Structure formats: C-alpha cells, structure tokens
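None of the figures in this text is laboratory data; all of them are computed from the coordinates on show. All of these numbers come straight from a predicted model, not from anything done at the bench. Heads up, the Cβs are rebuilt from the backbone with ideal geometry, glycines too, and the neighbour counts pull from every protein chain shown.
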C-alpha cells in the first residue's frame, strides 16, 4: 500500500522537577542544600531512512510522545534525561505545521533529520538557589513542559524524471523496459493505482524514473486522484509526456497532449517550470504519415519529440541514451516560492492567558503552572520569589487591567488565591 500523506501529533518530554534536599552528615545536623537538578525531557526527531518509500507506518497510529526527564535527587544527583523519540520517514518527505501550513523541513537525503518538538529543560534543585544571604532555600524549580505539535507529512517522490500522460498511454510498459521495476500492466485504463519508481542505468550513470499514474482532465482541481498524483511530479527534473498515438478512444493525440499540459499549467504552473520531452508511443499501430503529422505539430510547439514503440522496442534505445545524457545535466528543482517562506517567531518568555470563568478571573498556561510547582508556600523566601515573578511576568498588571479589585478571588491554574495590590 502506497501511503503518501498523513497528519500526526507529537509531544516532547517534560523536564524533571528540581529536588529540595539537605545534607545529613554525622556531627553536622544542619547541612547545606544538596537537591539535584531534574533531567531534560526527550526531543521528538524526524529522520530519513533511505530504505523507506511510504508513510505507511503512520497510517493508523497518529500520536507519539518522547520520554519525560526524571526528577532530581539528594546528594546533588541530577535526574536522568528522557530518551529522544526518533520517527523515521522516507526521502522526499515535507514536514508542515498543521495549523499554519508553514514548511518546517524538507527531508531529502538518507540521514537528514529535524527536531520537531524540543524537550522541556529540567528544573533547578535547591542547591542552585543558595547564596550568602539565602543559605537554606526550601524550594526548587519545576521542570518545563514539553511541546505538543501537530504535523502534516507529505511524501513527494525524489525522481529525476517522471512519466506523465493519460491512462493506458504505455507509461508502465516504458518504465518496465527502461528499469528493473515490475509494475502491473494490463490492456485497460487505470491499471496503475500508485506511483512506481525504477532506476535507469545508462553507460554507468544511474537516475531514478517515476511512473506517475494516469492523469485526467480536471486533475489540477482534484478530479480523479488529482493532487495525490500531481504532487509527485513537482520534484522531477524532467517531465516525459507519454502520448498514445494510436487514438484508441477516437480522440486526436494532440488534443490529449494539450489537455495534460493544461492540468500541469493549472497545478502550480508546472508546465512553465519543468522542461518537458514528448514520447509518441505505440507507433507500431498507426501509419507513418500519422506519426509524422503529430511529431511535426508537437515539435513546432518547441518540444523535443521521440517516436517509439514500447511493445516492439523500436526507438527505445535512442530514447534511453538521450535521456541519460539530459538528466545528468539538469539541476534539481527548487521548492515553490510559497514553500520557501521562512517564518521567524519571537520566543514567548511568559506563556499564560487571562480569562474570565463565570465570576472569577483565571490565569492559565505553562508559565503559571511551572511557577506554582516551583513554589513552597510554607517558606517565606520561596513565597517572595513567587510574588516577584508574578510582577515580572506582567500577570499582576494584566489582572488589574482586566478589572480585578483588591480582595477578589482569582484562579491561578485552577488554584484559588486572594488578590492584593
């Protein structure tokens, strides 16, 4: 089963909490703080595996999570960092942010990788907060939460040349004789239901040839398999338009040629961006005069034309040799301009929201949750640190601007507090 697009959700690991601990040594009843730091949460990484050619692994499973970091321990022992989660994808995978549709990564080569969700940092133990004034801190810092990201994965075949054309034009037969690929071939349209790849070996040079299943009129608008197949044409350095010159359905081959090019022009203007050769196939079934008529008409449009018969092998060797020389000289195509736009985000230092729930104002988000977990409300210095962070982060001003009065009850991550100026 060829599976070339999917949506998954990934979550990196949470950082481990810092530890509150004090030394216990013989003859030293009041030892200093020795709480260790929490371990870092694991990252989620997408990595290319050259042995894969489909996203089938993500067809039924759509949620993946990395390991959390372990909390710190006494005796200055740091918690274990969470293991990274590595998800393998085939070459040619594009990774998009599902919400914004912006391109995160273009994974082309075996071993290419990208971190799509970074693990949360571990929290600092109380040993990190000791100083000449505060010699016995009774609080530590909570670990940061991991990231949850929804991703769209799209596979676009990395073929050097792509065979395109109407169903039953002979693309699969041509692929089978040019390469070692063994596509299903039959005497009826739509035999090929998924793209096929094969390697062409010409005089010691090798390149990848793709058979893109038959397109139909309206494919650029999604008709038939439309975009599912057209996306695999985008990466090809050369388009090979295979035309059935036998007119088995009663239509003029030139009209069918224009119809496919119209779809390419409508779909991201591929007709203008990719060089195209034209192969007139099945010349053994028509008079030479018909071959000359169609070939002359297409050549006058500026295309390089090859007349051959995949069934009898007439003209195939000349086409194969010319194709090997041409592909080696063509550069790899670039991504579309819309996919090359880079988005730069300002890192949010304080992540929280202030909303009104029934009659109470509520502050929610990763920042306030981490702050609450880091505070020992039974310790004066820890509580002072909490108040300082509430002011620094702008939470205090945000509540005042929202209309909170002194003495009102508020919710901080679901916990009730009385508000004071």
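Modelled label positions at residue 61 and residue 299, each set 7 Å beyond Cα in the direction of Cβ, lie 5.7 nm from each other.
By how many nm would the segment from residue 408 to residue 100 grow when fully extended, if each residue of separation counts as 0.36 nm and the alpha-carbon distance is taken off?
107.0 nm
Full extension of the chain between residue 199 and residue 47 yields a length gain of 52.4 nm, computed as 0.36 nm times the residue separation minus the alpha carbon distance. Over all distinct Cα-Cα pairs of the range 353-418, the Kirkwood formula returns a hydrodynamic radius of 12.2 Å. Shape class of the range 1-155 from the Cα gyration tensor (axes a ≥ b ≥ c, square roots of the eigenvalues): prolate, since a/c reaches 1.5 or more and a/b is larger than b/c. For 48, 291, the sequence from fewest to most other C-beta atoms within 10 Å is 291, 48. In plain terms, the chain from residue 265 to residue 148 could stretch by 38.3 nm, reckoned as 0.36 nm per residue minus the Cα-Cα distance. Here 5, 62 are placed in order of increasing Cβ neighbour count within 10 Å, fewest first, which gives 62, 5. The distance linking the range 66-145 with the range 378-421 is 28 Å (Cα centroid to Cα centroid, whole angstrom). The modelled label-to-label distance for the pair residue 255/residue 384, using points 7 Å beyond Cα in the direction of Cβ, is 8.9 nm.
Legend: calculated FRET efficiency, residue 84 to residue 392, from the Cβ-Cβ distance at R0 = 22 Å, rounded to 0.05, equals 0.10. Within the range 1-21, whose backbone N sits under 17 Å from a point 7 Å along Cα→Cβ of residue 362? In the range 1-21, the label zone of residue 362 (backbone N under 17 Å from the point 7 Å along Cα→Cβ) covers no residue. Taken along its principal axes, the alpha carbon cloud of the range 61-143 reaches lengths of 57, 25, 24 Å, longest axis first.
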